[in-house]
Amino acid sequence: MGARLSTLWVFALFNYLYCDIVGLMDSGLLKQYLTGHVGGLDVSSGFLLGSAVLMEIPIAMIVVSRLARQRTGRLLNLAAGTLMTVVQSATLVVGTPTMYYAFFSVIEIACTSYITWCAWKWRVAEAQAAPSGAR
């Protein structure tokens, strides 16, 4: 299960990154980026640090999913998947998202929701696969 979750985090991360790259090709948004004010948000050092911390979560989860013990990996995937789903969902109600942003968001939300579901089921699946008397 760890390899599957790690792969899903890679998929989510690529979607986050490519959506940001496409946003840089949007001339209206690019002009706002250059002024430091995007959609009413001040793109300050603090905002950028918060964004960096938020994006570090899926980056770290790629490794955590593969290397952490089952219990730790499960709990961290549950927490990270839920957090990233909630955050991405919240971004859809802030301002008016572009069509490409909404497209990527639906994919990202589906992926992180699936990660959360897989992590939730991980313990059950592992217990069912274990031989009788082994735990």
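The values are calculated or read from the model by the stated rules, or taken from the named source; none is laboratory data. Just so it is clear, the structure is predicted and the values come from calculations on it, not from any experiment. In this analysis, Cβ positions are derived from the backbone assuming ideal geometry, glycine residues included, and neighbour counts consider all displayed protein chains.
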Check your understanding: ARG74 passes all but one of (1) closer than 21 Å to TRP9 by Cβ; (2) in contact (Cβ under 8 Å) with a residue 12 or more places away in the chain; (3) surrounded by fewer than 16 Cβ atoms within 10 Å (Cβ to Cβ); which number fails?
Key -> (3)
Revision key, fill the gap. Checked LEU5, LEU41 against criteria (without any contact (Cβ under 8 Å) to a residue 24 or more places away in the chain and either within 26 Å of GLY81 (Cα to Cα) or out of contact with any Asp or Glu (no Cβ under 7 Å at 6 or more places or on another chain) (or both)); the one match is LEU41
Practice item. Test LEU29 against the criterion of being touching a Phe, Trp or Tyr at 6+ places or on another chain (Cβ under 8 Å), of a type in the set (A, V, I, L, M, F, W, C) and more than 20 Å from VAL86 (Cβ to Cβ), and give yes or no. Key: no
Review point. So is ILE59 in contact (Cβ under 8 Å) with a residue 24 or more places away in the chain, closer than 19 Å to LEU8 by Cα and in contact with a Phe, Trp or Tyr (Cβ under 9 Å, 6 or more places away or on another chain) or not?
Key: yes
Review point. Just wondering, is there one or more residues in the range 40-47 that are of a type in the set (Val, Ile, Thr), at pLDDT below 90, more than 13 Å from TRP9 (Cβ to Cβ) and touching a helix residue (DSSP H, G or I) at 6+ places or on another chain (Cβ under 8 Å)?
Key: yes
Review point. Among the residues of the range 20-58 satisfying the criterion of being assigned to a loop (DSSP other than H, G, I, E, B), surrounded by 10 or more Cβ atoms within 10 Å (Cβ to Cβ) and not β-branched (Val, Ile, Thr), which is farthest from the chain's Cα centre (by Cα)?
Key: GLY36
**Study point:** Residue identified as on the phi > 0 side of the Ramachandran plot and among the small types (Gly, Ala, Ser) among GLY95, GLY73, GLY81
**Key:** GLY95
Check your understanding: Which of (1) exposed (fewer than 11 other Cβ atoms within 10 Å of the Cβ); (2) of a type outside the set (Phe, Trp, Tyr); (3) touching a residue at least 24 places away in the same chain (Cβ under 8 Å) is the odd one out, the single condition ARG69 does not satisfy?
Key -> (3)
